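This report concerns only the one structure given below.
Bear in mind these aren't lab numbers, they're just calculated from the coordinates by the rules spelled out. All values reported here derive from a predicted model rather than from experimental measurement. When we count neighbours, we look across all protein chains shown, and the Cβ atoms used for this are built from the backbone with ideal geometry, even at glycine.
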Amino acid sequence: MSSVGQIALLVVVAVGFLWLWLFLLRWRVTRAQRQVVEAFHRLGALSPETARPLSELGVAHRRTIGMRNFQAMALRAMVSAGIVVPVEGNRLYLSEEAIQAAIAARQEKKRP
């Protein structure tokens with residue numbers, strides 16, 4: 001195989017590994033988002049009146065030694081997007097309306 005062919009093969013393999021890494025990263029974040037939503041549903045923290053402290057939700061909010069904490073990343077992103085809403089007393093609740101709005105916005109983006 002010529003050196004140009006070897007370089008092309010190396011580039012293809014590198015792009016393949018990059019794509020796989022990004023795919024796995026997206027999958028882990030999506031899974032963590034589902035886990036966060038399930039935690040809020042399990043405790044019924046779906047309104048300001050039923051909001052719960054983070055410690056009760058069982059969502060990992062700290063980085064563990066040498067590992068990424070995808071639940072913490074998902075929770076921060078959901079708070080930033082307004083899907084998880086903080087209320088007085090360091091409590092949080094899941095806004096079903098914000099979830100539906102985010103889903104509708106995502107579907108609208110996909111339409112040509």
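Expressed as a rounded percentage, what relative contact order does the range 31-110 have, with Cα pairs under 8 Å and six or more residues apart?
Normalised by residue count, the contact order of the range 31-110 is 32 percent.
Counting each DSSP H run of 4 or more residues in the chain as -39500 (n - 2.57), what helix-only mean residue ellipticity at 222 nm follows after dividing by all residues, to the nearest 500 deg cm²/dmol?
-21500 deg cm²/dmol
Taking θ = phi - 60°, what integer Hz values does the Karplus form 6.51 cos²θ - 1.76 cosθ + 1.60 yield along the range 14-19, in sequence order, with x for Gly and Pro?
In residue order, the calculated couplings are 4, 5, x, 5, 4, 4 Hz.
Sequence-distant or interchain residues sharing an amide H contact under 5 Å with Leu46, placed H: which?
Leu94
For the chain, take the longest principal axis of its alpha carbons; what is the angle in degrees between that and the long axis of helix 70-80, to the nearest 10 within 0 to 90?
60
GNM on the chain, C-alpha springs below 10 Å: top fluctuator among Ala102, Ala45, Ala72?
Ala102
Could you check the spin-label model distance between Ala77 and Gln100? Points 7 Å from the Cα along Cα→Cβ, value in nm.
Going from the Ala77 label point to the Gln100 one covers 2.3 nm.
Tell me which of Leu9, Gln100, Leu57 sits at the most positive position along the dipole axis of the chain, charges placed on C-beta atoms (Lys, Arg +1; Asp, Glu -1).
Leu9
When the convex hull of the C-alpha atoms of the chain is computed, what volume per residue in Å³ does it have?
With only Cα atoms used, the chain gives 136 Å³ per residue.
Any chance you could give the angle, 0 to 90 degrees and rounded to 10, that helix 96-110 forms with the longest Cα principal axis of the chain?
For helix 96-110, the angle is close to 30 degrees.
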